[in-house]
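Working notes, beginning with the structure itself.
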Amino acid sequence: MASQTGAGSGLFRHLTILPSVPFSQRLWLMALLETYSVQNETKTLLWEGILHNPLHQSLPGGIEDAARHISFSGSKLPYIPINWRFAESVSALKAFEGAMVNVLLKKKYDIPYQSTHIDTDHAQLFLMSPVHPLIMLDPQGDRIPIGLGGGREGYEKYFPSQDLHHLSKPDTPLIDLAITNIYKVGDGRYYHVHASMNSSPSKTALGIDREKYRDLSTFKEACTTLKEMTSKYTSQELDTLMNDQYRQAGTICYSVDEYRASEHGKANAHVGLYEIHHHPNPTQRPTWWTDVPDHTSPARPLFGLKVVDLTRIIASPTIGRELAELGASVMRITAPHVTDMSQLQLDLGWGKWNAHLDLRKREDRAKLRELIMDADVVIDGYRPNVMKKWGFGKEDILDMVKGREKGIIYAHENCYGWNGPWSHRSGWQQISDAVTGVSLEFGRAMGLDEPVTPVFPNSDFCTGIAGAVGVLQALIERAEKGGSFVVDVALNYYSQWLVSSCGTYPREVWDDLWSRYGRFVFRSTDNMGITIPAFLKMLHEKQTPIFHEKYFEIRKNGALGVDVRTVKPVLQFPTGDVQLGYNVGSRSNGTDIARWPTDLMTEVVS
């Protein structure tokens, strides 16, 4: 086992980790650990948790045949110390994506299903690519790390800060950093407060004067201040204050059963990883996208597909990045007056042009309409109804293209899901984890009766994979049925699936995993600013596979003019007939002009 995981196991240690357990039970534990396999469990999850899931009955024909061409390798036992089965989850989702790509290849290009491989160790890097210490700009020169919690001087040379509200700068007060956290409130329940993209409304809601607390010297002091402020409210009072009065993200931390029993949980229980809605239109005939001679081929299966990307942060931008990896041309639209997380742009911007449009201006709204009218896919990741305000909501876009010959795929992503009383709320990964019971179960796994936010942007990235698969399925259906399609994507849809279909490790497997790392305990106020560095340190000390050089590559970035060391594409096609990569490099906001270039290999649109 040690040679596979680097985290040290072995017969004697398995027999002694639970000295109070009778010897016969310890033998049974050893047998379980010897038979547990991340790869076998991933395959089972793919088949039973996705392909045969009753919530996924609309999958295209042939996807099971395609899935039979997928193989897995990697460490037999898990090594990221989290009770939820993150390794199996992300690996199964990438396999699902591979199967859907194979269906598209067969239907569009009439080629046999391609052998597809997932290394489950490699797949886990997908969850930590914006924070991994081996990823850097100019690796053979200035060696600029991507950093944690805000840009560094070298990084900001290439990606100037768009953090207009100073949410995560080096000089951001600790009181601001402590806003996004879980606190025990007046009625004894736990509540997840969130700073969102601007912490000021949250601070105003709680009566916090930023200047008064600017000189706090420790994060613990800042958390103590927040505890005092939030304890004045019951959980329901705080929920109303944040969501209804100040329109900030926030949620009561529920158990799995409480969420399932809630009105909102019931309203979304019928949805799997995503939901597709067909909008028939006799004008819009069955069609693929426009092929580009000498480029559109099985090697780059989505080449020629045009995607308008109206997204921020991680989950929805991942959808566009996944499509770009398969050859799609993606135009991301940003604005100089809209705050953004620049530290994510290197990782989430691969394969995307990036243009500024100010939708407050009539002429810029006209430019966005021109982009959409020539696009196949639109991805909207802003909070519900933001784009509707400017005439680019779901109904607006469907109406915009109703007279053209090809339909459009409109994918929108939110936190809570698109049904039920909370569907209008803004939210983040931490909010989804807290509302669906994921956070509480992590706390309980460490022997606590309090929620603790799980480490890494797992829900974000996995939601992005699910959204990309939904778009691929919609493209296949457009080619068969015509019309337009809406793809509903949500953090909660993934979280529901994680809870109901993927689940946590068996107690014995988790106990072994947790014991390898000294049975650490994090608390409710240990947000990701605390846990991510701690986990990366533990994983590095154990020499886990996420630090193996074979999973990284030096990638040219023409837009920046320097190379980047980054994670290789996770999906592998061993025969080489499908070649994953990006047409263009990542870049800072506003680098390009908002138009589709004639040559889709143009590095910078000017």
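Taking interchain pairs and intrachain pairs at least six residues apart, which have beta carbon atoms under 7 angstrom, with the first residue in segment 477-501 and more than 21 Å from I397 (Cβ to Cβ) and the second modelled with pLDDT of 95 or more and of a type in the set (D, E)?
Final answer for the pair search is S495/D433.
Which residues, counting only those in segment 65-79, are open to solvent by 10 Å² or more (accessible area, probe 1.4 Å) and more than 12 Å from A123 (Cα to Cα)? Break it down stepwise before answering.
At the first step, the residues of segment 65-79 found to be open to solvent by 10 Å² or more (accessible area, probe 1.4 Å) are 65, 68-74, 76.
Scanning segment 65-79 gives D65, R68, H69, I70, S71, K76.
Can you name every residue in segment 527-561 that is part of a strand (DSSP E or B) and open to solvent by 20 Å² or more (accessible area, probe 1.4 Å)?
Correct list: E553, I554, R555, K556.
Being under 22 Å from the mean Cα position of the chain (by Cα), within 24 Å of T318 (Cα to Cα) and open to solvent by 30 Å² or more (accessible area, probe 1.4 Å): is that true of Q572 here? Write out each step before concluding.
Details: under 22 Å from the mean Cα position of the chain (by Cα): yes; within 24 Å of T318 (Cα to Cα): yes; open to solvent by 30 Å² or more (accessible area, probe 1.4 Å): yes.
Yes.
For segment 25-45, give me the residue count where each residue is modelled with pLDDT under 95 and within 16 Å of S75 (Cβ to Cβ). Let's see the steps before the verdict.
If we filter segment 25-45 for residues that are modelled with pLDDT under 95, which is where we start, we get 25-35.
Filter again for within 16 Å of S75 (Cβ to Cβ), leaving 33-35.
Qualifying residue count, segment 25-45: 3.
Could you please let me know if I118 is at pLDDT 95 or above and under 16 Å from T575 (Cβ atoms)? So that I can check it myself, show each step before the final result.
Working: at pLDDT 95 or above: yes; under 16 Å from T575 (Cβ atoms): yes.
When the stated conditions are applied, I118 passes them.
Consider only pairs whose beta carbons are under 6 Å apart and that are at least six residues apart or on different chains; among these, list those whose first residue lies in segment 360-380 and is among the β-branched types (V, I, T) and whose second residue is assigned to a loop (DSSP other than H, G, I, E, B).
I379/T311
For segment 469-478, does any single residue satisfy the condition of being out of contact with any strand residue (DSSP E or B) (no Cβ under 8 Å at 6 or more places or on another chain), surrounded by fewer than 19 Cβ atoms within 10 Å (Cβ to Cβ), among the β-branched types (V, I, T) and at pLDDT 95 or above? Talk me through it step by step, then tell me what you get.
Initially, segment 469-478 is screened for residues out of contact with any strand residue (DSSP E or B) (no Cβ under 8 Å at 6 or more places or on another chain), giving 469, 472, 476.
Now restrict to residues that are surrounded by fewer than 19 Cβ atoms within 10 Å (Cβ to Cβ): none.
Within segment 469-478 (the criterion being out of contact with any strand residue (DSSP E or B) (no Cβ under 8 Å at 6 or more places or on another chain), surrounded by fewer than 19 Cβ atoms within 10 Å (Cβ to Cβ), among the β-branched types (V, I, T) and at pLDDT 95 or above), the answer is no, since none of the residues qualifies.
Testing K266 on (1) outside any loop (DSSP other than H, G, I, E, B); (2) over 27 Å from S459 (Cα atoms); (3) open to solvent by 90 Å² or more (accessible area, probe 1.4 Å), one condition comes back false. Which one is that?
(2)
Determine which member of the set T240, T251 is over 24 Å from L105 (Cα atoms), out of contact with any strand residue (DSSP E or B) (no Cβ under 6 Å at 6 or more places or on another chain) and not in a loop (DSSP other than H, G, I, E, B).
T240
Hey, does segment 301-315 have a residue that's over 25 Å from V486 (Cα atoms), part of a loop (DSSP other than H, G, I, E, B), touching a residue at least 40 places away in the same chain (Cβ under 8 Å) and not small (G, A, S)?
At the first step, the residues of segment 301-315 found to be over 25 Å from V486 (Cα atoms) are none.
No; the residues of segment 301-315 include none that is over 25 Å from V486 (Cα atoms), part of a loop (DSSP other than H, G, I, E, B), touching a residue at least 40 places away in the same chain (Cβ under 8 Å) and not small (G, A, S).
Against the definition (closer than 24 Å to V438 by Cβ, touching a residue at least 40 places away in the same chain (Cβ under 8 Å), in a helix (DSSP H, G or I) and open to solvent by less than 40 Å² (accessible area, probe 1.4 Å)), how does L273 come out, yes or no? Spell out how you get there, then give the answer.
Values: closer than 24 Å to V438 by Cβ: yes; touching a residue at least 40 places away in the same chain (Cβ under 8 Å): yes; in a helix (DSSP H, G or I): no; open to solvent by less than 40 Å² (accessible area, probe 1.4 Å): yes.
No; evaluated as a whole, the condition is false for this residue.
Considering only segment 511-533, state which residues are free of Cβ contacts under 8 Å to residues at least 40 places away in the same chain and out of contact with any helix residue (DSSP H, G or I) (no Cβ under 9 Å at 6 or more places or on another chain).
Once the filter is applied, which keeps residues that are free of Cβ contacts under 8 Å to residues at least 40 places away in the same chain and out of contact with any helix residue (DSSP H, G or I) (no Cβ under 9 Å at 6 or more places or on another chain), segment 511-533 yields nothing.
Just to be sure I understand, how many residues within segment 192-220 are within 24 Å of the chain's Cα centre (by Cα) and either without any contact (Cβ under 8 Å) to a residue 12 or more places away in the chain or more than 14 Å from Y246 (Cα to Cα) (or both)?
Number of matching residues: 1.
Every residue in segment 582-596 that is in a loop (DSSP other than H, G, I, E, B) and surrounded by 16 or more Cβ atoms within 10 Å (Cβ to Cβ), please. Reasoning before the result, please.
Taking segment 582-596 as the starting set, the residues that turn out to be in a loop (DSSP other than H, G, I, E, B) are 582-591, 593-596.
Once the filter is applied, which keeps residues that are in a loop (DSSP other than H, G, I, E, B) and surrounded by 16 or more Cβ atoms within 10 Å (Cβ to Cβ), segment 582-596 yields Y582, N583, V584, G585, S586, R587, S588, N589, G590, T591, A594, W596.
Determine whether segment 260-267 contains at least one residue that is of a type outside the set (G, A, S), modelled with pLDDT of 95 or more and in contact with a strand residue (DSSP E or B) (Cβ under 9 Å, 6 or more places away or on another chain).
no
Please verify whether V90 is of a type in the set (A, V, I, L, M, F, W, C), modelled with pLDDT of 95 or more, open to solvent by less than 20 Å² (accessible area, probe 1.4 Å) and touching a Gly at 6+ places or on another chain (Cβ under 6 Å), treating the condition exactly as stated.
Numbers: of a type in the set (A, V, I, L, M, F, W, C): yes; modelled with pLDDT of 95 or more: yes; open to solvent by less than 20 Å² (accessible area, probe 1.4 Å): yes; touching a Gly at 6+ places or on another chain (Cβ under 6 Å): no.
Here the answer is no, as V90 does not meet what is asked.
Considering only segment 49-86, state which residues are within 17 Å of V499 (Cβ to Cβ) and in contact (Cβ under 8 Å) with a residue 24 or more places away in the chain. Don't jump to the end; show me each part of the working.
Step one: filter segment 49-86 for residues within 17 Å of V499 (Cβ to Cβ), giving 49-50, 53-56, 82-86.
Listed by number, the residues that qualify are G49, I50, N53, L55, H56, I82, N83, W84, R85, F86.
Find the residue count for segment 400-423, including only residues that are of a type in the set (G, A, S) and either over 11 Å from H264 (Cβ atoms) or touching a strand residue (DSSP E or B) at 6+ places or on another chain (Cβ under 6 Å) (or both).
The initial filter retains those residues of segment 400-423 that are of a type in the set (G, A, S), namely 403, 407, 411, 417, 420, 423.
From what's left, either over 11 Å from H264 (Cβ atoms) or touching a strand residue (DSSP E or B) at 6+ places or on another chain (Cβ under 6 Å) (or both): 403, 407, 411, 417.
Selection size over segment 400-423: 4.
Taking the condition of being in a loop (DSSP other than H, G, I, E, B), crowded, with 18+ Cβ neighbours inside 10 Å and either among the hydrophobic types (A, V, I, L, M, F, W, C) or touching a Cys at 6+ places or on another chain (Cβ under 6 Å) (or both), how many residues in segment 501-526 meet it?
Within segment 501-526, residues that are in a loop (DSSP other than H, G, I, E, B), crowded, with 18+ Cβ neighbours inside 10 Å and either among the hydrophobic types (A, V, I, L, M, F, W, C) or touching a Cys at 6+ places or on another chain (Cβ under 6 Å) (or both) number 2.
Got a sec? Which of A315, A335, A355 is open to solvent by less than 10 Å² (accessible area, probe 1.4 Å), under 20 Å from the mean Cα position of the chain (by Cα) and either at pLDDT 95 or above or not basic (K, R) (or both)?
Working: A335 fails: under 20 Å from the mean Cα position of the chain (by Cα); A355 fails: under 20 Å from the mean Cα position of the chain (by Cα).
Only one candidate qualifies: A315.
The values are calculated or read from the model by the stated rules, or taken from the named source; none is laboratory data. Remember, predicted model here, so these are calculated numbers, not experimental data. Every residue, glycine as well, gets a Cβ built from its backbone with ideal geometry; the counts of neighbours run over all protein chains shown. Ligands, DNA and RNA are stripped out before the accessible areas are found, and what is left, the full protein with its side chains, is counted by its heavy atoms. Shrake-Rupley method; radii C 1.70, N 1.55, O 1.52, S 1.80 Å.
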